[in-house]
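S.K.: Have a look at this one.
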Amino acid sequence: MSAAYDGVVLAAPFSLKPHRSEAPTLRLVAEVIAGVLDTAGLRHGQLDGLSVTSGTTGAETALGIADHLGLSCRYLDGPVLDGASAIAAARRAARLVAAGDVDMVAVIGADRGPVAAPPVSPQTFDPVAADRETIVLALITQAMMRRGATREDFARLCLAQRTNAHRLPFALHNDGPMALEDYLDASVLAAPLVVHDRPTPISGGEGFLVLREVDAVAARLPFARILAATERHNAYRFDDLQFRGGLARDAETFWLEAGIEPDAIDIVETNDECPAFSIMQFEDAGLCLKGEGPAFVRAHTLTRDGSLAHNTSGGLLAAGRPGAAGGHLALVEAIRQVTGSAFADTAEGRVSWQVAGARVGLVSALGGVAYDRGLASAAMVIAGDGAGDVDGAGAQGEPA
């Protein structure tokens with residue numbers, strides 16, 4: 001464990017239920033902050049730090065947001081690093097808490113998505129009409145296929161994440177597993193990407209607290225320690241087309257800082273802008289050698305109850321993506337898992353998606369897609385006391 005984060009923990013993970021709304025982004029931010037504080041059983045005035053990531057607040061900054069919400073803060077931040085924002089925000093906040101400059105920081109990501117779902121058909125999604133980011137991801141995916149990946153490999157990730165999202169209240173596509181035929185026959189966005197290869201835009205938000213371990217213990221909060229964290233942006237800029245991200249450059253020192261080997265992790269949460277990005281992150285993190293990602297995917301179930309529990313609440317592909325805040329989902333879910341908090345009480349009863357025995361989690365982010373690559377890269381390893389069997393919870397993904 002890195003000494004830089006001694007005595008600092010992550011706690012109180014919270015997610016808004018994904019939806020389509022005309023509500024202003026500031027309202028979403030306020031709802032996430034309220035949810036985080038309610039989860040922690042803390043008061044509004046106990047926060048003295050705020051980090052907000054959003055792409056739809058316009059000219060509003062963290063300073064203005066704090067003013068609107070009546071917060072008096074010693075630390076304000078507004079990282080805009082796409083999928084890497086949550087890890088970067090947690091890393092910065094943790095160092096300030098460790099230094100005694102701030103006591104408790106709420107790390108929030110919230111964004112407003114489209115009010116209505118876009119139509120899905122070959123006529124509305126094609127290589128010409130597709131957005132710039134999708135075209136870049138399609139080129140990266142084509143390159144991975146030339147190195148041996150198949151559409152069935154990408155489908156394996158998508159299908160596993162739909163299975164993981166089944167019945168989860170925070171997932172948009174939670175109505176059950178998807179068949180391979182449904183994936184292979186889906187409408188094309190930009191070949192070879194189909195509609196299931198890209199996240200559905202939604203309104204939503206995620207958040208958690210960064211605070212001292214002694215304060216978390218005093219509040220009786222389950223918490224996760226940071227074993228290691230890293231950022232490396234705009235790495236390998238001379239590669240013709242991206243096949244590796246910034247973590248590949250720093251993986252050796254990253255795992256040395258964590259004090260464990262890659263095979264010691266219990267869960268993996270990646271920023272899944274498309275399946276090829278998740279495979280790339282497996283390779284970059286050293287879970288397998290570069291180029292062996294497709295074979296690695298074939299060797300694992302990727303589901304919560306199988307081998308390599310990956311994107312345990314469905315990831316962006318099943319949960320939906322709330323704009324620039326999408327990267328917060330992976331870290332929030334990892335905190336839930338390693339603290340034994342992956343359950344929710346619903347009208348039908350308690351729903352649990354807890355991975356039994358999950359204590360150590362890898363969170364990886366690759367985003368900021370521009371031209372021919374994802375520019376932003378970050379990773380974090382966190383550890384908690386886990387859960388085993390959650391008291392009062394039923395089987396994974398089922399009501400008690």
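The values are calculated or read from the model by the stated rules, or taken from the named source; none is laboratory data. All of these numbers come straight from a predicted model, not from anything done at the bench. Neighbour counts are summed over all protein chains in view; Cβ atoms, including those assigned to glycine, are modelled from backbone coordinates with ideal geometry.
S.K.: So which residues in the stretch 43-92 are crowded, with 20+ Cβ neighbours inside 10 Å, among the aliphatic types (A, V, I, L, M) and in contact (Cβ under 8 Å) with a residue 60 or more places away in the chain, if there are any at all?
M.R.: Leu81, Ala84, Ala86, Ile87, Ala88, Ala90, listed by residue number.
S.K.: Just give me the residues in the stretch 321-350 being β-branched (Val, Ile, Thr) and either modelled with pLDDT of 95 or more or within 19 Å of Pro199 (Cβ to Cβ) (or both), in sequence order. I'd like the intermediate steps shown before the answer.
M.R.: Initially, the stretch 321-350 is screened for residues β-branched (Val, Ile, Thr), giving 332, 335, 338-339, 346.
Across the stretch 321-350, the qualifying residues are Val332, Ile335, Val338, Thr339.
S.K.: Collect the residues in the stretch 262-307 that are within 16 Å of the chain's Cα centre (by Cα) and without any contact (Cβ under 8 Å) to a residue 40 or more places away in the chain, keeping them in residue-number order.
M.R.: Phe282
S.K.: Among the residues of the stretch 365-400, what is the count of those that are in a strand (DSSP E or B), closer than 26 Å to Arg225 by Cα and modelled with pLDDT under 95? Before the answer, list the steps.
M.R.: Step one: of the stretch 365-400, the residues in a strand (DSSP E or B) are 365-370, 373-383, 396, 398-399.
Now restrict to residues that are closer than 26 Å to Arg225 by Cα: 365-367, 376-383, 396.
From what's left, modelled with pLDDT under 95: 367, 396.
Looking only at that region, the number is 2.
S.K.: Restricting the stretch 1-26 to residues that are at pLDDT 95 or above and among the β-branched types (Val, Ile, Thr), which is surrounded by the most Cβ atoms within 10 Å (Cβ to Cβ)?
M.R.: Val9
S.K.: Inspect all residues belonging to the stretch 52-69 and state whether any of them is in a strand (DSSP E or B) and farther than 25 Å from Thr346 by Cα.
M.R.: First, pick out the residues of the stretch 52-69 that are in a strand (DSSP E or B): 52-53.
If we keep only those that are farther than 25 Å from Thr346 by Cα as well, we get 52-53.
The answer is yes; a qualifying residue exists.
S.K.: Give the stretch 347-364 a look and list any residue that's within 17 Å of the chain's Cα centre (by Cα) and outside any loop (DSSP other than H, G, I, E, B), or say none.
M.R.: Val360, Gly361, Leu362, Val363, Ser364
S.K.: Next up: Where residues in the stretch 308-322 are aliphatic (A, V, I, L, M) and either closer than 23 Å to Ala191 by Cα or part of a helix (DSSP H, G or I) (or both), which of them is nearest to the chain's Cα centre (by Cα)?
M.R.: Among those that are aliphatic (A, V, I, L, M) and either closer than 23 Å to Ala191 by Cα or part of a helix (DSSP H, G or I) (or both), it is Leu316.
S.K.: Restricting to the stretch 274-307, what's the tally of residues that are closer than 20 Å to Ser377 by Cα, in a loop (DSSP other than H, G, I, E, B) and of a type in the set (A, V, I, L, M)?
M.R.: 3
S.K.: Assess whether Asp6 counts as being on the phi > 0 side of the Ramachandran plot and either in contact (Cβ under 8 Å) with a residue 60 or more places away in the chain or assigned by TED's automatic domain parsing to the domain that holds Ile335 (or both).
M.R.: Working: on the phi > 0 side of the Ramachandran plot: no; either in contact (Cβ under 8 Å) with a residue 60 or more places away in the chain or assigned by TED's automatic domain parsing to the domain that holds Ile335 (or both): yes.
It is false that Asp6 is on the phi > 0 side of the Ramachandran plot and either in contact (Cβ under 8 Å) with a residue 60 or more places away in the chain or assigned by TED's automatic domain parsing to the domain that holds Ile335 (or both).
S.K.: Tell me the residue from Gly207, Gly245 that is in contact (Cβ under 8 Å) with a residue 40 or more places away in the chain, surrounded by 24 or more Cβ atoms within 10 Å (Cβ to Cβ) and assigned by TED's automatic domain parsing to the domain that holds Gly35, please.
M.R.: On the way: Gly245 fails: assigned by TED's automatic domain parsing to the domain that holds Gly35.
It is Gly207.
S.K.: Is at least one residue of the stretch 203-210 within 30 Å of Thr56 (Cβ to Cβ) and touching a Cys at 6+ places or on another chain (Cβ under 9 Å)?
M.R.: Here is the first cut: in the stretch 203-210, the residues within 30 Å of Thr56 (Cβ to Cβ) are 203-210.
Now restrict to residues that are touching a Cys at 6+ places or on another chain (Cβ under 9 Å): none.
No, that holds for no residue.
S.K.: Suppose we filter the stretch 223-242 for residues that are closer than 22 Å to Leu16 by Cα and surrounded by fewer than 20 Cβ atoms within 10 Å (Cβ to Cβ); how many remain?
M.R.: Pass one, the stretch 223-242, residues closer than 22 Å to Leu16 by Cα: 223-224.
Next cut, surrounded by fewer than 20 Cβ atoms within 10 Å (Cβ to Cβ) only: none.
Number of matching residues: 0.
S.K.: So, one more: Please specify each residue of the stretch 177-198 satisfying the condition of being buried (at least 24 other Cβ atoms within 10 Å of the Cβ) and not hydrophobic (A, V, I, L, M, F, W, C).
M.R.: Answer for the stretch 177-198, where residues must be buried (at least 24 other Cβ atoms within 10 Å of the Cβ) and not hydrophobic (A, V, I, L, M, F, W, C): His196, Asp197, Arg198.
S.K.: On to the next question. Can you tell which of Ala334, Ala325, Ala344 is assigned to a strand (DSSP E or B) and either crowded, with 24+ Cβ neighbours inside 10 Å or touching a residue at least 60 places away in the same chain (Cβ under 8 Å) (or both)? Write out each step before concluding.
M.R.: Values: Ala334 fails: assigned to a strand (DSSP E or B); Ala325 fails: assigned to a strand (DSSP E or B).
Residue meeting the stated conditions: Ala344.
S.K.: For a quick check of your reading of the model, give me the residue pairs whose first member lies in the stretch 22-37 and is among the small types (Gly, Ala, Ser), whose second is in a helix (DSSP H, G or I), with beta-carbon atoms closer than 9 Å and at least 6 apart or on different chains.
M.R.: Ala23/Glu31; Ala30/Ile65; Ala30/His68; Ala34/His44
S.K.: For the stretch 12-46, name all the residues that are touching a helix residue (DSSP H, G or I) at 6+ places or on another chain (Cβ under 9 Å) and outside any helix (DSSP H, G or I).
M.R.: Ala12, Pro13, Phe14, Ser15, Leu16, Pro18, Ser21, Ala23, Leu42, Arg43
S.K.: Starting from the stretch 141-166, keep only residues that are among the polar types (S, T, N, Q), then list their pairs with residues that are assigned to a helix (DSSP H, G or I) whose Cβ atoms are within a distance under 6 Å, requiring at least 6 positions of separation or different chains.
M.R.: These pairs meet every condition: Thr141/Ala276; Gln161/Gly315; Gln161/Leu317; Gln161/Ala318.
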